[in-house]
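Working notes, beginning with the structure itself.
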Amino acid sequence: MRIDEILAEADEPVFSFEFFPPKTDEGWQNLRATLEDLKAFEPDFASVTYGAGGSTRDRTLEVTKWIKQDLGIEAMAHLSCVGASRNDLVTILDGIGEAGIDNVLALRGDAPRGETEWRPHPGGLRYSTELAALIAERYPFGVGAACFPEIHPEAPDLAHDLRFLKEKVDSGASFLITQLFFDNELYFRFVEEARAVGIDVPIIPGIMPVANVGQIKTITGMCGATIPGGLLEALEWRAADPDAVLQLGVAYATLQCAELLARGAPGIHFYTLNRSPATRAILSALKLLRPWVRREVVRTAG
């Protein structure tokens, strides 16, 4: 089922998980265990990343097929323009369709490891807008795209970023998933600005629970996200105690998700890093608290 249809038909928030294709046998075992744990929460869909430079191309499709066919979870394959000609992309998309997968996240992609500047393949596509258009024109897939509450690292300002995002939607993207963020006001301001320029598709917030201080600093440094000063200070104070970091990360993300849902976010997309404990704890609390129901009660009372 297409994710845009899932979002349109949902009467409660949509919850989804993101995974990456493992490189080792141990990684595969860990991913299997994680998916078995999280399957019990009946996620609305799961997505599988596409490594830098297309480095996990075959494994992305393999994991996506496994999630869809063996686990019975709706799945979305990421696809980027990096290192692929237009014909290569069509071949990959044909394989996605043959596997019974209904959703693709259209990305430009990052430069291959070791390269500092992104360059298109000589016979390929330059922008994610072109990839979204190719998919929408030739395939019946639900097309998703990425967006950046703190502005894409290569965009000069928010206005330019939103114009390009509008082009993605006009090219065929029917839902958006944000880059990770830790300040909810960034998300709500971004959604407001997006609506003002005519972007009317669902914008799902992407949340990454902090489990390791060094790791989250590396990730945010690569994607341009920021960590609020108070949170960063609290994490660094606990850096020598991994359990304390994880506990704070889970607590912070739970409060963050509860506020997002209470204020109207259509769901939460969890960046799991192929681990289940943090996501499992957060989602358990959210399903008990049901902050979106509280929102409806407030509306009715008003």
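The values are calculated or read from the model by the stated rules, or taken from the named source; none is laboratory data. Remember, predicted model here, so these are calculated numbers, not experimental data. Here the Cβ is made from the backbone with ideal geometry for all residues, glycine too, and neighbour counts use every protein chain on show.
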If a residue has to be outside any strand (DSSP E or B) and either within 24 Å of PRO122 (Cβ to Cβ) or modelled with pLDDT under 95 (or both) to count, how many in segment 73-91 make the cut?
11
Would you confirm whether any residue within segment 184-200 is closer than 25 Å to ALA46 by Cα, under 17 Å from the mean Cα position of the chain (by Cα) and at pLDDT below 95?
no
Could we say that ASP58 is surrounded by fewer than 21 Cβ atoms within 10 Å (Cβ to Cβ), in contact with a Gly (Cβ under 6 Å, 6 or more places away or on another chain) and not small (Gly, Ala, Ser) here?
no
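If you take the residues in segment 134-155 that are at pLDDT 95 or above and part of a loop (DSSP other than H, G, I, E, B), which one is farthest from SER174 (Cα to Cα)? Working first, answer last.
Quick first cut of segment 134-155, residues at pLDDT 95 or above only: 134-150.
Keeping just the survivors that are part of a loop (DSSP other than H, G, I, E, B) gives 139-141, 148-150.
Details: TYR139: 14, PRO140: 12, PHE141: 10, PHE148: 16, PRO149: 18, GLU150: 21 Å.
Checked segment 134-155; the qualifying residue farthest from SER174 (Cα to Cα) is GLU150.
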Looking only at segment 247-269, how many residues end up being closer than 16 Å to ASN212 by Cα and in contact (Cβ under 8 Å) with a residue 40 or more places away in the chain?
4
Pull up segment 174-200, narrow it to residues that are out of contact with any Gly (no Cβ under 9 Å at 6 or more places or on another chain) and among the aliphatic types (A, V, I, L, M), then point me to the one that is surrounded by the most Cβ atoms within 10 Å (Cβ to Cβ).
ALA194
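Is there a residue in segment 216-235 that is closer than 17 Å to GLY267 by Cα, at pLDDT 95 or above and touching a Phe, Trp or Tyr at 6+ places or on another chain (Cβ under 7 Å)? Can you show your working first?
First, the residues of segment 216-235 that are closer than 17 Å to GLY267 by Cα: none.
No - not one qualifying residue is present in segment 216-235.
Conditions tested, residue by residue: (1) farther than 26 Å from PRO22 by Cβ; (2) surrounded by 20 or more Cβ atoms within 10 Å (Cβ to Cβ); (3) of a type in the set (A, V, I, L, M); (4) touching a Cys at 6+ places or on another chain (Cβ under 8 Å).
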| site | (1), (2), (3), (4) |
| --- | --- |
| MET208 | no, yes, yes, no |
| ASN212 | no, no, no, no |
| ILE219 | no, no, yes, no |
| ALA225 | no, yes, yes, no |
| ASP243 | no, no, no, no |
| ALA251 | yes, no, yes, no |
| ALA262 | yes, no, yes, no |
| ALA265 | yes, yes, yes, no |
| LEU273 | no, no, yes, no |
Residue satisfying condition, being within 24 Å of ALA40 (Cα to Cα) and either assigned to a helix (DSSP H, G or I) or modelled with pLDDT under 95 (or both), within set ALA244, ALA281:
ALA281
